[in-house]
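All of the numbers you see were taken from the coordinates with simple rules; none came from a lab. As the structure is a computational prediction, the values presented were derived from the model and not from experiment. All Cβ positions, even for glycine, are placed from backbone atoms using ideal geometry, and neighbour counts span all protein chains on display.
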Amino acid sequence: MDDDALLPRHTPVQLIDPAGQAIADDQYPLPDVDLLLRAYRGLVEGRRINEQCTALVRQGRLAVYPSSHGQEACQVAAAMLLGDHDWLFPTYRDAVAVIARGVEPAQAMVLLKGDWHSGYDPRHRRVAPQATPLATQLLHAVGFAHAAKMRGEDTVVMALCGDGATSEGDFHEALNFAAVFRVPVVFFVQNNEFAISVPLSRQSAAPSLAHKAIGYGMPGQRVDGNDAAGILAVLREAIERARSGGGPSLVEAHTYRMQAHTNADDDTRYRERAEVQAWVARDPLLRLQTFLRGLGVLDDETESALAAGAAEIAADLRLALNTDVEHDPEDLFRFVRANRSAQLDEQWAMLRGEIEREQMSNAGGVR
């Protein structure tokens, strides 16, 4: 491939501007209306999930929640373009993408509640467990895609990460291996401007994160991360390239984290409120809503139906998270190895003895 073809555009791809108006593009056609309506539904549901989970944190039902409020267009587009045999490798902030891929919302929250490493079977929806360490999932994604390629399977892997992950060594190793072996992976970087409190200017001196792609010999592209149409078009091209044997791509979405890093973060210490407010007008949900209403394909009745559906998802999630789960202590040892070792049996016997003695004590028996 020509070196110039590997370079991203100087300005991010944008098919619908912040005012909700279509922009003609010679390379990327506007996605069809049915796809955009599906995306809009995903945005409405994703926003409601973010709001509900933030409330559940305040109620003590979630230990932590990294909100993707304002980034829902990236989340929804990344999930909805994947085929039945494709896989999604998400980060801790990608719960909306996980749910958009088909995982039950309550199952997607188990990790963030603190109950399990993953509350769902990854094989069922072809979604890897959400990764808390930065960039480790990128190596897993590349390894998985490489194995699928060697088996001759029709599998494309969507590997999500944030701008902070691009500063990790695992990011370099994953992209280098993927490019050398032409692995069918799409690296999708959601650049939300901050790695916790560290701004992008203190992470990289590159013209953009997408420019890093040429160093590995893969194409890079930039897209407005609040434009659902643009993201769908750019990711679709990258997925088709990977599926046809063209190898990996790096896509950088320029978006913004509207809320704090997590509920444990005080973002007022490192950014001004005026900066946050400036992004309100770029809201991906309102942008797509304005565009679809302008076409006449979205009306008040449809909006009410979508809102009702999102409220139902939130209600089910609220009910599930407010239901206490009775844990089996033996699970601490049951899933460590396929065949439990004698040492694990010994440790379980010790714990079981302590539990039985405690139960006897609480019942008024002899210690």
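How do 358, 104, 72 rank when sorted from fewest to most other Cβ atoms within 10 Å of their own Cβ?
Numbers: 358 11, 104 18, 72 29.
Fewest-to-most ranking of 358, 104, 72: 358, 104, 72.
What FRET efficiency do you get for residue 271 and residue 205 if R0 is 25 Å and r is their Cβ-Cβ distance, rounded to the nearest 0.05? The partial results should precede the final answer.
Numbers: r = 20 Å, r/R0 = 0.82.
The formula returns an efficiency of 0.75 here.
Could you identify which residue out of 198, 223, 156 has the top mean-square fluctuation in a GNM of the chain using Cα springs shorter than 10 Å?
Checking each option, the largest mean-square fluctuation is seen for 198.
Between residue 280 and residue 264, what is 0.36 nm times their sequence separation minus the Cα-Cα distance? Round to one decimal in nm. If you can, show how the numbers build up before the last one.
Numbers: separation 16, 0.36 × 16 = 5.76 nm, distance 2.27 nm.
Result: 3.5 nm gained on full extension.
Based only on other Cβ atoms within 10 Å, what is the fewest-to-most ordering of 85, 10? Mind dumping the intermediate values first?
Working: 85 12, 10 8.
Listed from fewest to most nearby Cβ atoms, that is 10, 85.
To make sure I understand, if each residue's beta carbon is the centre and we count other beta carbons within 10 Å, what order do 109, 80 fall in, fewest to most? Before the final figure, lay out each step's value.
Numbers: 109 26, 80 18.
Exposure proxy ranking, most exposed first: 80, 109.
So what are the ³J(HN,Hα) numbers for segment 57-69, from phi and the Karplus equation (6.51, -1.76, 1.60; θ = phi - 60°), rounded to whole Hz, Gly and Pro as x?
Rounded to whole hertz, the list is 5, 4, 8, x, 8, 10, 5, 7, 9, x, 5, 10, 4.
How high is the relative contact order of the chain, in percent, with contacts defined as C-alpha pairs under 8 Å that are six or more residues apart?
Working: 606 pairs, mean separation 86.2, N = 367.
The normalised contact order for the chain reaches 23 percent.
Beta carbons within 10 angstrom, averaged per residue: use that to sort the peptides 36-42, 310-316, highest first.
Details: 36-42: 21.0, 310-316: 15.9.
My ranking of the peptides, most packed first, is 36-42, 310-316.
Sorted by average packing, counted as other Cβ atoms within 10 angstrom per residue and highest first, what order do 163-176, 256-269 take? Display every interim value, and only then the final one.
Numbers: 163-176: 19.9, 256-269: 16.4.
Packing proxy ranking, top to bottom: 163-176, 256-269.
Kindly express, to the nearest 10 degrees and within the range 0 to 90, the angle between helix 284-295's C-alpha long axis and the longest C-alpha principal axis of the chain.
That helix lies at roughly 50 degrees to the long axis.
For residue 123 and residue 305 in one chain, what is 0.36 nm times their gap in residues minus the Cα-Cα distance, to one decimal in nm? Before the final figure, lay out the partial values.
On the way: separation 182, 0.36 × 182 = 65.52 nm, distance 3.17 nm.
Contour length minus the Cα-Cα distance gives 62.4 nm.
Note down the nm distance, to one decimal, between modelled labels 7 Å out along Cα→Cβ at residue 316 and at residue 32.
Roughly 2.7 nm, to one decimal.
Given R₀ = 41 Å, what would the calculated FRET efficiency be for residue 4 paired with residue 58, taking r from the Cβ atoms and rounding to 0.05?
0.20
Using the Cα centre of segment 41-180 as the reference point, and only Cβ charges (+1 on K/R, -1 on D/E), how large is the resulting charge dipole? Debye, rounded to the nearest 20.
Details: 13 positive and 15 negative charges, 80 e Å.
I would put it at about 380 debye.
Quick one: which residues, 5 or more positions from residue 13 or on another chain, have an amide H under 5 Å from its amide H? H modelled 1.01 Å from N in the peptide plane, none for Pro or chain starts.
Long-range HN contacts for residue 13: 222, 223, 224.
Tell me, what HN-Hα J-couplings in whole Hz come from the Karplus equation 6.51 cos²θ - 1.76 cosθ + 1.60 at θ = phi - 60° for each residue of segment 331-346, using x for Gly and Pro?
Working through the residues one at a time gives 4, 4, 10, 5, 10, 6, 9, 4, 10, 5, 7, 4, 5, 5, 4, 5 Hz.
Given 0.36 nm per residue, what is the gain on full extension from residue 362 to residue 196 after removing their alpha carbon distance, in nm? List each step's numbers first, then the result.
Numbers: separation 166, 0.36 × 166 = 59.76 nm, distance 4.52 nm.
Gain in length upon complete extension: 55.2 nm.
Give the label of the value calculated from the structure for semi-axes √(5λ) of the Cα gyration tensor in Å, choosing from (1) 32, 23, 20; (2) 36, 25, 24; (3) 37, 26, 20.
The calculated read-out lines up with (3).
Of 191, 111, 258, whose Cα points farthest to the positive end of the dipole of segment 3-321 (charges on the beta-carbon: +1 Lys, Arg; -1 Asp, Glu; origin at the Cα centre)?
Going by the Cα projections, it comes out as 111.
For the Cα atoms of the chain, what angle does the longest principal axis make with the long axis of helix 169-180, in degrees from 0 to 90, nearest 10?
Taking Cα atoms only, the helix is inclined about 60 degrees.
Using Cα centres only, tell me the gap between segment 97-168 and segment 274-316 in whole Å.
Taking the Cα centre of segment 274-316 as reference, the centre of segment 97-168 is 27 Å away.
About the Cα centre of the chain, what is the dipole size in debye to 20, counting +1 per Lys and Arg Cβ and -1 per Asp and Glu Cβ, all else neutral?
Numbers: 36 positive and 51 negative charges, 105 e Å.
Rounded to the nearest 20 debye, it is 500 debye.
How high is the FRET efficiency from residue 85 to residue 182, r the C-beta distance, R0 22 Å, rounded to 0.05? Before the final figure, lay out the partial values.
On the way: r = 18 Å, r/R0 = 0.83.
With R0 = 22 Å, the Cβ-Cβ based efficiency is 0.75.
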